[in-house]
Amino acid sequence: MLARWLIAAICSGSLLTAATPALPQVCDVPCEPRGNFQKTAEVPILDEVRFTGLQRIAPAAVAAQLRSRGGEPFNAAKIEKDLRALTRLGWFQSIQVEEVSPTHPPPQEFENRKRIALLFDLEERPFLSKVEYSGSRLLSEKQIEKMLEDKKLAPALGKPADPVALHRTALAIRAGLKELGHLEANVRIARAEASNATVTVRFEINDGPLLRVRRVSFDGHPQVPAKLLRAQMHNIAPWKPLASWRGKNAYSREAFEEDRQRILTYYENHGFPEARVGCARVAQFTEPSRRWLPWPHESRQAGLSVSIPIEAGPFYRFESIAATEALQQAAKEHGRSPITISELDGAAAFSQQEIDKWQRLWMGRLQPRNSEIDSPSYHSVDVMRTFNPDNHTARVTLDLSDSPPYTVRRIEFLGLHKFSDRYVRRRIVLREGHPIDERALEAGLLRLARTGYFKPIRKGDIRVQLDEATHTANVSIRLEEIGQQRASLTGGTGQFGSTLGVVYTVFDLLNRDELLSAQLDSGPETLQIMLGLAKEGIFGTRASLAFSVFNNVVRPRFAGSAKGPFFSSHSEGINVPWVYPLTNTDTLDVNYTLSSTTTEYPPASITAVPGVTLGNVRSKISSRSLGAGWTRDTGSERILLTNSVSGGWLGGGENMVRSSAEYGRIFRDPFFAPSGAWAFRTTFSGAGSYRGDMPFYARLFPGDELVRGFRPGELGPHAVTARTAANGATTYSASPAGANLVTATSAEYRFPLSGGTEAAAFFDLGSGLVLPNWLGPTKPLLLGATNGALHGSTGIELRWTVPGVQVPVRAYYAVNVLRMNRFISLSENSVFHARNRFSAFGWGLGTLF
């Protein structure tokens, strides 16, 4: 019995090796056992396990891979697992096992028991001493090494040369050449073994001919113009500009599968639920080509023709989309108003995307309003589709699911090399042991994609295995890392114009899941430099803690009678924010800031500036502030509240209170077009001094970041400044005084255009007010007609998000319907013309809201 089992076990180990993709150099593991194994009815005792044939690998390293231990009863299943484990290591050319006599006397308790010893006869594979790459004209050795290192397939020097691992390396090199358009590329592995049991491996690469995709056709019955289908193909698109430079004219199965899925999704969302897209038929052809260098001549050009078979099927329209009474009643029980059927009448053509949207919307209405981040979802929504083949209509019914929800048993992340499982799991809101929540999973994946360290996650990367018996689900998510280092461009809008910057981040450099960042933002009137260190999951909680050092320079130039720069401010310090996620949508943050600000004023502008005299055109103030904020962001609604206080028991020369609030909302257009959207924003900002003078740099100078078409400082009031000339005469002028209370509101109607461009019609209102009591003892001489004046503009704005950079570029034209245009007397001999532009072109980077 024992002998028969060992024969089967050893042969199973050899079959395991032979079944893996191997090269011709791989030797089969012999299946011939040695020794005379006797049958016995009593389970023998495994006295010891010995190894022979080891030259460079330590016996302890091999023993650590085995589960069998001396002194235990002989276990056939455990020995079988040991054989498989040794085979998977790839360390040995052959593995043989035989029974030998024990060398140690039996213990007293095992004197009457059958005792055996197993001897593992192992033949080591030679160690890999050198790797070479030759023959390729496209890929240099450094490019190949970097590609293999990114895919974690680089051959490991100083370790046994595993033929299976080397074969995978060869396949990776070949795949890289295919992505460059060389479908007939091949890689051969040459081995040169030395007498010292080492081997040198050379990958002999043959690039093969360059075969670019030159034709893409759609066969069968597409029923959709080829132009629309080509627009869905992002990977194989030889008609796009600079296709050869961008790799759009190279064919690979992976690239086509992504495009095939996009085409199928387009059909499902445009009235063809029964559409089928087959596998591409790729053929090589030659066509005449006219060349002009070195002289005009005719030549033959080889290329690939890709033919995609498509059967669109019949075109379906929505007959109705309805929710059952049970579903509506469940929404009422959770305090949510049900959606009426008229609201559900969306697109005329059948659209799976439309159905998924309403399903997610109803699932959201079944959840508690204040659900915590770990609270499970106990309700799901079923979708029933009924197709009428006679009139080609579809009836969709949304119903409350009566089956218990599937519980997540396991979440697995595949493709992680540089990032830890903990880093990814912390951003995925879905939790093991809780019911599946599609909204939570989508929110987590979106949060993960926003980090910029992973490529966009597609539906095909998510796999859910359902177990009907236990009503559980295993979720596996395949991720593709971009890298731990990332450089990106940023853009934004501040009170002194737009800024453009670059951010460089490094993750997990210290192996503590930390994020190091360096940021440089610059604009016509501002400059900011910041170095930061952030750590998530601090003290074992969901909170994150950061530390940043900043250096800011502001030199505003205001329009009006006093030409800038009106003042120059230089701030430097440290900021320590602490952020804690309360729920899926709510976040609490607390921050401490220690800074020092040096402000310089030209002699012409120091008359009403607190703390500055004619002999002192520079002021330096230190600040220690503590702030707290709360943010709610649901994707369609955003609420932001922040408050901070400086001075007092915190110390420093600045004694101020700051407060701001913002509310924004966007929702789909229910009246004109389903693709349009309405967006609204209301904002409030205030600052004041509770002891001493309010520093001039702390005032607010609102402009087109709140009301488009107005320059910085034009929403606030103006103050009178006096200057004494050399002849003793006093000259009066007016300049922006800044504000300590600002409020604004905006309304937009947004509609998408072609090419990823969006247009928006807008109407903005805003006003800046100076409350003198909030400024401290020193108060400016304000022009009352300009203090608190309401400003408004309307116009149209175009937005385009730069591909790859993901920074929106905005260009607008605004007509200032509410503006200042009046003459104000400053003295008997001077008059100030308070005038805003009637209209203006403007541009900016980043989104306003």
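Could you tell me what fraction of 2.2 N^0.38 Å the Cα radius of gyration of segment 140-270 comes to, as a two-decimal ratio?
1.39
For segment 127-166, what is the accessible area per residue in Å², given a 1.4 Å probe and the full set of protein chains?
That works out to 60 Å² per residue.
Straight-line reach only, C-alpha to C-alpha below 17 angstrom: list the lysines that LYS248 could link to, leaving out same-chain residues fewer than 8 apart.
Qualifying lysines at Cα under 17 Å: LYS178, LYS227, LYS240.
With viscosity set to 0.890 mPa s at 25 °C, what whole-number translational diffusion coefficient in µm²/s follows for the chain from Stokes-Einstein and a Kirkwood radius over Cα pairs?
For the chosen part, D equals 72 µm²/s.
With a 10 Å radius around each residue's Cβ, average the other Cβ atoms per peptide and rank 758-770, 523-535, highest first.
Taking the mean over residues of other Cβ atoms within 10 Å, the ranking is 758-770, 523-535.
Can you give the Rg to Rh ratio for segment 709-849, taking only C-alpha atoms and Rh from Kirkwood?
For segment 709-849, the value is 1.10.
Tell me which lysines have Cα within less than 17 Å of LYS418's Cα, excluding those fewer than 8 residues away on the same chain?
LYS418 reaches LYS146, LYS151, LYS152, LYS455, LYS535.
Quickly rank 810-818, 356-364 as a protection proxy: mean count of other C-beta atoms within 10 Å, highest first.
Ranking, from highest mean packing down: 810-818, 356-364.
What ranking of LEU157, LEU650 comes out by heavy-atom accessible area, probe 1.4 Å, highest first?
Largest to smallest exposure gives the sequence LEU157, LEU650.
Ignoring ligands and nucleic acids, what accessible area does LYS159 show with a 1.4 Å probe (Å², nearest 10)?
That residue has around 120 Å² of solvent-accessible surface.
Count charges around VAL502 for me, please; just the other residues with Cβ under 15 Å from its Cβ, Lys/Arg as +1, Asp/Glu as -1.
Net of charged neighbours comes to 0.
Antiparallel as a % of all DSSP beta bridges within the chain, to the nearest 5?
Around 85 percent antiparallel, to the nearest 5.
Excluding GLY303 itself, calculate the net charge of residues whose Cβ lies under 12 Å from the Cβ of GLY303, where each Lys or Arg counts +1 and each Asp or Glu counts -1.
Surrounding charge for GLY303 is +3.
For labels at ASN196 and THR386 in the simple 7 Å Cα→Cβ model, what's the distance in nm?
Between ASN196 and THR386, the label points sit 8.1 nm apart.
Lys and Arg at +1, Asp and Glu at -1: add these up for the other residues within a Cβ distance under 11 Å of ARG835 and post the number.
That sum, taken over residues with Cβ under 11 Å, equals +2.
What ranking of VAL408, VAL809 comes out by heavy-atom accessible area, probe 1.4 Å, highest first?
VAL809, VAL408
Diagonalise the Cα gyration tensor of segment 406-512 and give the resulting equivalent ellipsoid semi-axes, square root of 5 times each eigenvalue, largest first, whole Å.
Its equivalent ellipsoid spans semi-axes of 33, 16, 11 Å.
Please report the accessible area of THR757 (heavy atoms, 1.4 Å probe, ligands and nucleic acids excluded) in Å², nearest 10.
Per-residue accessible area (THR757): approximately 40 Å².
Okay, helix-only estimate at 222 nm for the chain: each DSSP H run of n ≥ 4 adds -39500 (n - 2.57), divide by all residues, round to 500 deg cm²/dmol; what do you get?
Per the formula, -5000 deg cm²/dmol.
Give me the accessible area of GLU72, 1.4 Å probe, in Å² rounded to the nearest 10.
60 Å²
Loop only per DSSP, at most 15 neighbouring Cβ atoms within 10 Å: give me the GluC sites (Glu not before Pro) in segment 94-185, ordered by residue number.
GLU111, GLU184
Would you mind putting 463-472, 780-789 in packing order, based on average other-beta-carbon counts within 10 Å, highest first?
So the order, starting with the most tightly packed, is 780-789, 463-472.
Give the lysines reachable from LYS459 as a straight Cα distance under 20 Å; neighbours fewer than 8 places away on the same chain don't count.
Within the straight-line cut-off, LYS459 pairs with LYS357.
How are the alpha carbon pair distances in segment 189-234 distributed across 5 Å bins from zero to the largest one, expressed in percent?
5, 12, 14, 10, 7, 7, 7, 7, 7, 7, 7, 5, 3, 1
Using Cα atoms only, what is the angle between the long axis of helix 2-19 and the major principal axis of the chain, expressed in degrees (0 to 90) to the nearest 10?
Orientation of helix 2-19: about 50 degrees from the principal axis.
What angle, in degrees between 0 and 90 and rounded to the nearest 10, separates the Cα long axis of helix 253-268 from the longest principal axis of the Cα atoms of the chain?
So the inclination is approximately 60 degrees.
The values are calculated or read from the model by the stated rules, or taken from the named source; none is laboratory data. Just so it is clear, the model here is predicted, and its values are computed rather than measured. For neighbour counting, all protein chains shown are included, and Cβ atoms are generated from backbone atoms with ideal geometry for every residue, glycine included. Side chains included, ligands, DNA and RNA excluded: accessible areas come from the protein's heavy atoms. Shrake-Rupley method; radii C 1.70, N 1.55, O 1.52, S 1.80 Å.
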